[in-house]
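Enquirer: Submitted below is the structure of interest, expressed as structure tokens.
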Amino acid sequence: MKSVVWILITILSSAAAQVALKFGASTELTRWQTWLTPGILIGLALYGLSFVLTVRVYADYPLGIISPLMAGAVFLLINLFSAFVFHEPMTLMKLLGIMLIVAGIALLSQGI
């Protein structure tokens, strides 16, 4: 089943997994209890979902198109989350890079 909805859910679950892991991240990763925080467990579950959905999407689309498209979209979302949720700096170079990635995604999506 070819569906843009599956692609979007895959991208969102991958980006959300990274955000959850960032929330659950701690500098004290030597203690096993640290690995059982809600952020880490949610991130792990979302990565599992993302993995299953990625396999499904790869079955329906050419790998050379869909893999860079999804990776670029995840990169875009992560940078947006980083700036708005974690207040990480958004530099001019980062913005230019994001614009190039968005342009690349637009070009790649023409092949689907």
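Residue-by-condition table, conditions (1) part of a helix (DSSP H, G or I); (2) within 12 Å of the chain's Cα centre (by Cα):
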site	(1), (2)
Tyr58	yes, no
Leu80	yes, yes
Ala83	yes, no
Met90	no, no
Ile98	yes, no
Gly104	yes, no
Leu108	yes, no
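Enquirer: Just checking, which of Ala73, Ala45 is within 20 Å of Gln110 (Cα to Cα), outside any loop (DSSP other than H, G, I, E, B) and of a type in the set (A, V, I, L, M)? Give the derivation first.
Expert: On the way: Ala45 fails: within 20 Å of Gln110 (Cα to Cα).
Every option except Ala73 fails the conditions.
A quick yes/no check of all residues on (1) surrounded by 12 or more Cβ atoms within 10 Å (Cβ to Cβ); (2) at negative phi; (3) in contact (Cβ under 8 Å) with a residue 40 or more places away in the chain; (4) of a type in the set (Lys, Arg):
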position	(1), (2), (3), (4)
Ala45	yes, yes, no, no
Ser50	yes, yes, yes, no
Tyr58	yes, yes, no, no
Ile66	yes, yes, yes, no
Thr91	no, yes, no, no
Ala106	no, yes, no, no
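Enquirer: Name the residue, out of Leu77, Leu100, that is of a type in the set (A, V, I, L, M, F, W, C), modelled with pLDDT of 90 or more and surrounded by 15 or more Cβ atoms within 10 Å (Cβ to Cβ).
Expert: Numbers: Leu100 fails: surrounded by 15 or more Cβ atoms within 10 Å (Cβ to Cβ).
Only one candidate qualifies: Leu77.
The values are calculated or read from the model by the stated rules, or taken from the named source; none is laboratory data. Model, not experiment: these values are computed from the prediction. Note that we place each Cβ from the backbone using ideal geometry, even for glycine, and neighbour counts take in every protein chain shown.
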